[in-house]
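First up is the structure itself, then whatever we jot down about it.
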Amino acid sequence: MGGHDPKRADTSEDMVSATFRHGIVALLPELRAFGRFLSHDRARADDLVQETIVRAFSARHQFEPGSNLKTWTFTILRNLFYEQTRRGKREREVLEEYSADQPHEERPQAARSRISDLERLLWQLPPLQREALMLVGAQELSYEEAAIICGVAVGTLKARVSRARSALAELRGIGEEGA
């Protein structure tokens, strides 16, 4: 009787769906961190992650099993962020809000101070350099994975990371001179 066995197809589809679901769940902390980095706002980051997950599940038929789920979902999140930014010019508002929220008092712990200084310097970088540095440095993605997420050639991404590192070094030098 060879032919199509609907039970077998359903089981195979269920396994793929469960694997996809578990993969997405495992990526939630990293997606949230990337969303927070891009938006610099916890609530907005949570909204970005939620919408990313909705879009990922809606488009799961486009995901090829065996390919990199992290790269695929980071790309969705990044594209969503920039789509929202273009619509409402939100990136400029986020940067202005960040500048206005900077604390003016010294923090008691040196470690917090260094992190705050690094964060302040990162937000002085151009957005594309900051993004490239975040993906390769903090998210520990390969240049190839980060290039896919950003939709650019690997060489372009490497150049952005290099420029970002140089700019950070220069900004840090200026900050130390002014101290």
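Of the residues making up the range 56-68, those that are modelled with pLDDT under 90 and part of a loop (DSSP other than H, G, I, E, B) are Phe63, Glu64, Pro65, Gly66, Ser67.
For (1) surrounded by 16 or more Cβ atoms within 10 Å (Cβ to Cβ); (2) at pLDDT below 85, each residue gets a yes or a no:
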site: Ala9; (1), (2): no, yes
site: Ala45; (1), (2): yes, no
site: Val49; (1), (2): yes, no
site: Lys70; (1), (2): yes, no
site: Glu91; (1), (2): yes, yes
site: Leu95; (1), (2): no, yes
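Filtered by the rule that a residue be surrounded by 17 or more Cβ atoms within 10 Å (Cβ to Cβ) and of a type outside the set (A, V, I, L, M, F, W, C), the range 52-67 gives a lone residue, Thr52.
The values are calculated or read from the model by the stated rules, or taken from the named source; none is laboratory data. Just so it is clear, the structure is predicted and the values come from calculations on it, not from any experiment. Please note: Cβ atoms are built from the backbone with ideal geometry, for glycine as well, and neighbour counts cover all protein chains shown.
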